[in-house]
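Read-outs: derived from the displayed coordinates by stated rules, not from any lab. All of these numbers come straight from a predicted model, not from anything done at the bench. Virtual Cβ from ideal backbone geometry, glycine too; neighbours counted across all protein chains shown.
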Amino acid sequence: MTQARPVNAIEPEVDASVGHAGTRIDLDDVTKQYQVGDVEVTALERVNLHVDEAAFVVILGPSGSGKTTLLNMIGALDTPTSGRVRLDGIDLGRASPAKRAAIRRTTVSFIFQTFNLFPALTAMENVRFGADVAERADAAERSAEALEQVGLSARRNHFPHQLSGGEQQRVAIARALASGNPILLADEPTGELDFRTGVQILQVLQEQAGRGMTVLAVTHNREISRVADRVIELSSGHIVADGPPTGGRARTADLQW
Ligand SMILES: Nc1ncnc2c1ncn2[C@@H]1O[C@H](COP(=O)(O)OP(=O)(O)O)[C@@H](O)[C@H]1O
Ligand SMILES: [Mg+2]
């Protein structure tokens, strides 16, 4: 009987080369098609994108333009039909399932429109989960710090249903921070929130970019994109603009939406 090789014999340095601040993202000629019955939908077509700075990047585009698909490619949740996605030079399409899983755990964190907290876990336990998934040694300390950073230490023992939408989203951000992962992917993070709360969330995201994270936030709201360092605009699966916000960068306090 052959003995199973230990996982680390196949994947000697799963975590060694990715997952630091300034992690580089490269999409080369990425096309994604979905087959629905006998209809083929092209969600992304020959997209080229390079991000190598700690920055607040907004991906802007109308519904159906491919924003979520793009985020999922970067987060190794899905694979392109053709083309290549690399994180710090590592080709996700050629990485083994174990390596892809390791990259998901230790490089990228997701934030969603609907917060996606565990309802039966307290704020602190939700945040702690982020540190545990990424297998951070100092999980307890990190979690307390992360909750402090989003201004919610006093709510540590609250369950999600005892928190407002904005507070729940801040817990989700703290969970991402506690993971220590250098890339934060946020899909319509202010979509469920009123204007004032949405602005607070943008401020918290902006602070994370200031601390050395690469934050990619998706929105269909052009006003929101004004606070970004860089705006990548999608239309029907194509990048149609990429650069600083038109008219210059706005302060979150000056937004109107
Ligand atoms: N899992 C899927 N199966 C089939 N079609 C999909 C799937 N996900 C997205 N699409 C299609 O791909 C296109 C882009 O979708 P998506 O990336 O979700 O856009 P956005 O986030 O900008 O609204 C849309 O036409 C959508 O219907
Ligand atoms: Mg979407």
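If you count the DSSP beta bridges with both ends in segment 22-252, what percent of them are antiparallel, to the nearest 5? Given both bridge residues lie in segment 22-252, the antiparallel proportion sits at roughly 50 percent. Oblate is the label for the chain, because a/c, from the alpha-carbon gyration tensor with a ≥ b ≥ c as root eigenvalues, is 1.5 or above and a/b does not exceed b/c.
Over segment 147-252, calculate the relative contact order: mean separation of alpha carbon pairs under 8 Å at least 6 apart, over the residue count, as a percent. Averaging sequence separation for qualifying contacts and normalising by length gives 20 percent for segment 147-252. Taking 0.36 nm per residue of separation and subtracting the Cα-Cα distance, full extension of the segment from F118 to T81 would add 10.1 nm. Ranking of V171, V39, V85 by neighbouring Cβ atoms within 10 Å, starting from the fewest: V39, V85, V171. Sorted fewest first by neighbouring Cβ atoms within 10 angstrom, S153, S109 come out as S153, S109. In sequence order, segment 182-187 has phi-based couplings of x, 10, 10, 10, 10, 9 Hz under the Karplus curve 6.51 cos²θ - 1.76 cosθ + 1.60, θ = phi - 60°, and Gly or Pro positions carry x. Once the Cβ-Cβ distance of A140 and E223 is raised to the sixth power relative to R0 = 30 Å, the FRET efficiency obtained is 0.15. Over the chain, Cα pairs under 8 Å with separation of 6+ residues give a relative contact order of 26 percent. For H158 and D52, a Förster radius of 22 Å and the Cβ-Cβ distance give a FRET efficiency of 0.05, rounded to the nearest 0.05.
Phi angles across segment 80-86 convert, under the Karplus curve 6.51 cos²θ - 1.76 cosθ + 1.60 with θ = phi - 60°, into 3J(HN,Hα) values of x, 6, 8, x, 9, 10, 10 Hz, Gly and Pro given as x. Database remark: amide H of I59 closer than 5 angstrom to the amide H of A217, V218, T219, I232 (H placed geometrically; neighbours at sequence offset of 5 or more, or on other chains; Pro and chain starts carry no H). Evaluated with a Cβ-only charge set (Lys, Arg +1; Asp, Glu -1), the chain carries a dipole of roughly 240 debye about its Cα centre, given to the nearest 20.
Listed by Cβ neighbour count within 10 Å, with the fewest neighbours leading, T190, T122 appear as T122, T190.
Once the C-beta distance of S236 and F195 is scaled by a Förster radius of 35 Å, the resulting FRET efficiency is 0.75 to the nearest 0.05. Restricting the trypsin sites (Lys or Arg not before Pro) of segment 77-145 to loop positions (DSSP other than H, G, I, E, B) with no more than 10 neighbouring Cβ atoms within 10 Å leaves R94.
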